[in-house]
Amino acid sequence: METLMDLYNSVQSPLEDLDKVKKIIEAYSKSDKDEKDFYNKLVHRSNKKYDGRTSQKSVDKLNSLLFNLWKANIVEMNEDEYKTFYSEKGNYQDADFQKLRKQLSLINDVSTEEEVENIINKFKGNPQFSEVYKKYKFTVNQGSLFDKWLYVDSGKLAQRPTNNAQHRLYLNVERPYIENMVLLLITEADKRNMEFSLKYSDQGARDDTIVIYANDSNVLQYIEILRNFREKYQIFTSEVYSPPIMTGTIDGWIGYGAEPTITINKEQQSYTTLREKIVKEAISRAYSDWLSSHNNMKGFSEFEIAEKDNGFIQAVRDEIVRVGKEYKLDENNFCFDTKTVQQMKQTDSQSKQTSKQQISNIPTKETRYKEAIALADELLQKPGVDWEDLLDKKDDGQVSAPKSSIETDETQNLEAVLAELNKIRENDEKRRNQKQNGWRKKFDKRDKDYYKRAEAYLLGELKRLSPEERKRGNQYLSALENEQNRDK
C-alpha cells in the first residue's frame, strides 16, 4: 500500500457484504427505534470473554509511563518547545507554568496507577495548582461511567505536536489486552518519530475498544505497524475480533472510518452516529416502499422480511447508498465521504509532484548507475545483501566514519567480488529461481518513471550507510555495472 488511493481501494465497505446489511437490518428491527438502543446494538455485537476485566499490571505500566513522560517533558521544556505545544495557553515565563514545573521537578517517577491518581488528586485539591493543572493536564476522559473513553495524545504529553485527524482505525481488542496494545502503538509511533492520538475503552465491551486518529501523512504507517504487530504477536490473532459492523475493513480485522467532515444543524457528527442516522432513514424508506408493493408481507417486521426475501436486503442496501449521497458520503464506499476522497487524491498528487522535484535535484554524479536500476529484478534475485536490508539500516548521520578503501571504484577488485557472488549464487540457486517470477511481476507493475525514482532514492539511502553496509552495497553496484558493460 503506497498511496492513499491504494488505501481507498483496499478498504471493504460494510455494504459490499449483504450479510452485514442483513445484520444491520436485524439490529434496527429489534431495537426500540430510539437512537441510543439502535446505536448500542451496532457497537456491541462481539461476545467478549473478559468484559470489564483489566490487567492491573498493564494498567499500572501505561498510566505511570504517560505520567512520567508528561512530567519530564514539562520539567525539561524550553521556551521554543512551549510555543510549539502551548502557545494558545499563555507564555513560558507565566508564574503558574513555572510553579507547575518546579512542583513536578520535586516528584519522583511513579510506577502504579494509584500513585498517578494520588498526585493528580492533590493537584486538583490544592487551590495553588488546580487551575494550572487543568490548563496543562495530559489526561482526557469522556463518556459515562459505564462507557468511558480514555485519550492518549502526544501533543498533550508535550511529546510531539498532533495535526487534525482525517482517518480513524478501529481495533476490537479483548479488555485485558487493551493497555498492552496502546503501549505497543505509542512506543512504535514514538520510535518512528510519529505523532500519536488515540482513545481506548475503559470497560472494553464495545466493538471499537481502541480508535486511532490518523492523518494523510501517517495513516499508511499505522496500517503497516498494525500488520507487523499481527505477524509478530499471536495475541493480535486470538484476542482481536472483527471491527464495528458500520466500519470498513482492512485485512478483515482493522476497521476504517473517515474522520467526519459533515455537520447536521451545525453540529459535528461522529462517524457511527452519522451512519446510524443514514441507515435508520434508509431502512424506514425501504420498508415503507416494500410494504406498499408487497401486500402479502404487511405485518412483517423489517428483519422478518429480510429473512424471507433477499430482494429486500438489496433494496435496503441501495437506499442506504442513495441517502448517503444526500449527506455527501461516497457512493462507492460507505466508510468514506466525498470530501475525504477528494482530499486523499490531492495529497497523492502533491506527493507525486514532490517526488519528481526531489529527483530533478539529484546531482548528476549520483546517477551514474542509471541503467543498473533497470536491472533491479536481476539484482534482487542474486543472493547476498538484499536492497531491503540496505534501506532498513540507516545511521544517524552525526558520526563520520573513516573511508574504507572498498568505497571507491578504483580500489575494488571486481573479479574477486564476482567470484564471491557466483559462489553464493550457486549455494542459493533454488532461492533465486523461486524469487525470480515474483520480483519480475512486481517490477512489471511499476510505471515508466519507477526506475528513475528508485535510483534516486536508493542512491540517497546508500550515502547514509555505515562503511560496512556501504561496502556490501558497492560490491553489488560494481558487480552489476561490470555485468552491464560486458553485455554491451
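The values are calculated or read from the model by the stated rules, or taken from the named source; none is laboratory data. These numbers come from a predicted model, not from an experiment. Here Cβ is always computed from backbone atoms with ideal geometry, including for glycine, and neighbour counts include all displayed protein chains. Only protein heavy atoms, including side chains, enter the accessible area calculation; ligands, DNA and RNA are left aside. Shrake-Rupley method; radii C 1.70, N 1.55, O 1.52, S 1.80 Å.
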- Do you know which residues across the range 28-52 are touching a residue at least 40 places away in the same chain (Cβ under 8 Å) and either over 18 Å from Arg285 (Cα atoms) or aliphatic (A, V, I, L, M) (or both)? Tyr39, Leu42, Val43, His44, Arg45, Ser46, Lys48, Lys49, Tyr50, Asp51, Gly52
- Message: Based on this model, can you work out whether Glu281 counts as in contact with a Leu (Cβ under 8 Å, 6 or more places away or on another chain) and of a type outside the set (Val, Ile, Thr)?
- Response: no
- Query: In this structure, does Ser201 turn out to be among the small types (Gly, Ala, Ser), crowded, with 16+ Cβ neighbours inside 10 Å and under 17 Å from the mean Cα position of the chain (by Cα)?
  - Reply: no
- Message: Quick check on the range 271-288. Is at least one of its residues in contact with a Pro (Cβ under 7 Å, 6 or more places away or on another chain), aliphatic (A, V, I, L, M) and assigned to a helix (DSSP H, G or I)?
- Response: yes
- So, in the range 23-65, of the ones that are among the charged types (D, E, K, R), in a loop (DSSP other than H, G, I, E, B) and at pLDDT below 90, which residue ends up most open to solvent (accessible area, probe 1.4 Å)? Arg53
- Message: Going by what's in this entry, would Lys83 be described as charged (D, E, K, R), farther than 30 Å from Gln346 by Cβ and either open to solvent by 20 Å² or more (accessible area, probe 1.4 Å) or at pLDDT 95 or above (or both)?
- Response: no
- Phe334 versus (1) open to solvent by 50 Å² or more (accessible area, probe 1.4 Å); (2) in a loop (DSSP other than H, G, I, E, B); (3) modelled with pLDDT of 95 or more: which is the lone unmet condition? (1)
- Within the range 124-138, which residues are part of a loop (DSSP other than H, G, I, E, B) and either over 11 Å from Lys99 (Cβ atoms) or without any contact (Cβ under 8 Å) to a residue 12 or more places away in the chain (or both)? Asn126, Pro127, Lys137, Phe138
- Query: Taking the range 303-323 as the region of interest, how many residues are open to solvent by 20 Å² or more (accessible area, probe 1.4 Å), within 15 Å of Leu18 (Cβ to Cβ), in a helix (DSSP H, G or I) and not hydrophobic (A, V, I, L, M, F, W, C)?
  - Reply: 7
- Show the residue pairs that are 6+ apart or on different chains and have beta-carbon atoms under 9 Å apart, the first residue being within the range 148-167 and at pLDDT below 95 and basic (Lys, Arg), the second being in a strand (DSSP E or B) and surrounded by fewer than 17 Cβ atoms within 10 Å (Cβ to Cβ). Lys148/Asn141; Lys148/Gln142
- Task: Spot the failing condition for Pro161; the list is (1) open to solvent by 30 Å² or more (accessible area, probe 1.4 Å); (2) closer than 25 Å to Arg45 by Cα, and only one is missed.
- Result: (2)
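Among the residues of the range 339-353, is any more than 22 Å from the chain's Cα centre (by Cα) and either assigned to a helix (DSSP H, G or I) or surrounded by 16 or more Cβ atoms within 10 Å (Cβ to Cβ) (or both)?
yes
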- Across the range 118-147, what is the total count of residues that are open to solvent by 70 Å² or more (accessible area, probe 1.4 Å) and among the hydrophobic types (A, V, I, L, M, F, W, C)? 2
- Query: Looking at (1) in contact with a Gly (Cβ under 8 Å, 6 or more places away or on another chain); (2) within 30 Å of Asn180 (Cβ to Cβ), can you tell me which one Asp96 breaks?
  - Reply: (2)
